[in-house]
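Enquirer: This is the structure I want to talk about, given as structure tokens.
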């Protein structure tokens, strides 16, 4: 887009010249009126000739004068708009540039209040509306001939209740962006300043602007920060979802079935947000966190069952999703969900690989060979065949996976807690449950730690995270993309 450069002094001078011309037209209108009245006093042929010559001229000149007066007013208004942008730019160059861009796009030139007068437009805004927050002054805005965007902004809860002139413009930018009037996303600092001008923290303000629950906005912002994607990225995703009139379930492609409590639903949403941003961070080509999650987990269900034990409870994760016994209501945590999503992730990878292999046009022997190879490249299988180690105090220690002597050996090294929340299925589940010491449960807890970046802050925790991150991009492809036989490498016999 070509930037607009305006000489406001020239605009003011041209408006003055037009006013002089308007005065001349008004005089001509009066003279025509007087001449016509004089002609009306004659009898006979002369009277008819005068009226034929001048009778319509007064009306035409009156219309011309009215149109010119409107043009002059419009020119004054445009001049004031650009002066406002220049004045804002002096005190806040970034904001001034954003406001000027709005004017360059033609949006606000017809939107500014007609109450502008010659003089300092920022001072008039301060005196007439923006800093007083007077209901009567706001009514002037609504009645001032402005367009629908400013009318809606004046009525909206985003209209500031405190702050400076610049904060008003920041809040207006947010309003226009959220409502689709502008496509350029306001900077994070703009959102923060607008939130402050409304007496709110950022999550509450974004919630107010988009209609998305504050708990979900807060979880979204934390997920983006955890995975170095930035709060501005999260806000853009939230606004995109709001503009599309989607629910979080629709945006990320999951459903919640059963009598979950509101707190349970918030826990599920938090886990989905954290996992989705972890997936997106590991696949730079992903359009957004929602798309990254749907590519692997699209259509997954979180089900609270209606039958089964009430006193004891458990959850299981598989390809279709996660299912919990009725007693899980109000007892689960986001970490519970992320752990079960680790099990579902493994299932999604192997199911997708098998489906792709079955669709290949190959002979039965080759298909069997590839199916056997697919079993060896899943997350469970790779953790069960590789060793994760860390150097602590100069000594290399076993952290997870297959030790040199064979078998599988799980440890507590690298986990932030010995049990909940960062080990959902630990070694301490009792002698009757040896499944904690398996690659399956160790991987599900490592998936949880990877998704939340929640491992212990030590070399063993870093080793667990690095091992998962090293494999994750390929696993995501294996769970979502068309088959690539190079994935199997030496794994296929």
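Enquirer: Compute the whole-percent fraction of alpha carbon pairs in segment 355-487 spaced more than 24 Å apart.
Expert: Result for the distance tail: 37 percent.
Enquirer: With each pseudo-label sitting 7 Å past Cα toward Cβ, what's the residue 408-residue 7 distance in nm, one decimal?
Expert: Output for this residue pair reads 7.9 nm.
Enquirer: For the residue pair residue 469 and residue 161, what label-to-label distance in nm results when each label sits 7 Å from Cα along the Cα-to-beta-carbon direction?
Expert: Going from the residue 469 label point to the residue 161 one covers 4.2 nm.
Enquirer: Moving on to the next point. Using only Cα atoms, what is the ratio of the radius of gyration of segment 197-237 to 2.2 N^0.38 Å? Intermediate results must be reported in sequence, preceding the final value.
Expert: Working: Rg = 9.8 Å, N = 41, 2.2 N^0.38 = 9.0 Å.
Ratio of Cα Rg to 2.2 N^0.38 Å: 1.09.
Enquirer: Expected output is a single nm value to one decimal: the length gained when fully extending between residue 320 and residue 396, i.e. 0.36 nm times separation in residues minus the C-alpha distance. What is it?
Expert: 23.4 nm
Enquirer: For a bin width of 10 Å, list the pair-distance distribution of segment 293-445 built from all Cα-Cα distances, rounded to whole %.
Expert: 10, 31, 33, 19, 6, 0
Each reported figure results from applying straightforward, stated rules to the coordinates on display, with no laboratory input. Keep in mind it's a predicted model, so treat the numbers as computed, not measured. Because the Cβ atoms are built from the backbone with ideal geometry, glycine has one as well, and the counts that use them run over all protein chains shown.
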